[in-house]
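Before any comments, here is the structure.
Rule-based calculations on the coordinates, nothing more; no lab input. This structure is a prediction, so every number in the text was calculated from the model and none was measured. Cβ placement follows ideal geometry from the backbone for every residue including glycine, while neighbour counts extend to all protein chains displayed.
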């Protein structure tokens, strides 16, 4: 049996499968607080921002080259003093959940954040998403608070829980 492999996702090869994974989550879960499926054009902007800011988009492919899941991170907030903090996202195709892929992707993002001198990784998780919360706790993330009733989807209010992992990096942080 062939092994899955970690890859760097590209616009050309992975925009469509990433979009399909995201749109399934939008339409069928509270993993994303969005209502409508995104058009393909949204991926052009998304990948451009990732590329221009040297932000990782990491995926897992099976032996057939099918994208099973992906993860990335981006700015936590837009002000300069947050430059050592990122907010991450990990999504796994609905047919491949509960197989450890989310854990593999999140570990890769943590390693990437360390390599890039980040200090804090934030995960914003729907407070009812027990699987994602358990994954984050397993990898050392600590619960840091909940914003109650900040989203409304599927006819109900949603609470957003925040989990944080502090890294030993960067070795020489500086202002400015």
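Only residues that are closer than 22 Å to residue 4 by Cβ and in a strand (DSSP E or B): list them for region 37-82, please.
Selection gives 57, 58, 59, 60, 61, 67, 68, 69, 70, 71, 72, 73.
Among the residues of region 83-96, what is the count of those that are closer than 23 Å to residue 165 by Cα and either part of a loop (DSSP other than H, G, I, E, B) or touching a residue at least 60 places away in the same chain (Cβ under 8 Å) (or both)?
Residues flagged as closer than 23 Å to residue 165 by Cα and either part of a loop (DSSP other than H, G, I, E, B) or touching a residue at least 60 places away in the same chain (Cβ under 8 Å) (or both) within region 83-96 amount to 4.
Select from region 21-36 the residues that are outside any loop (DSSP other than H, G, I, E, B) and touching a residue at least 40 places away in the same chain (Cβ under 8 Å) and write down the one among them that is farthest from residue 74 (Cα to Cα).
Applying the filter and picking the extreme gives 28.
Would you confirm whether any residue within region 139-160 is assigned to a helix (DSSP H, G or I) and crowded, with 18+ Cβ neighbours inside 10 Å?
Scanning region 139-160, I find no residue that is assigned to a helix (DSSP H, G or I) and crowded, with 18+ Cβ neighbours inside 10 Å, so the answer is no.
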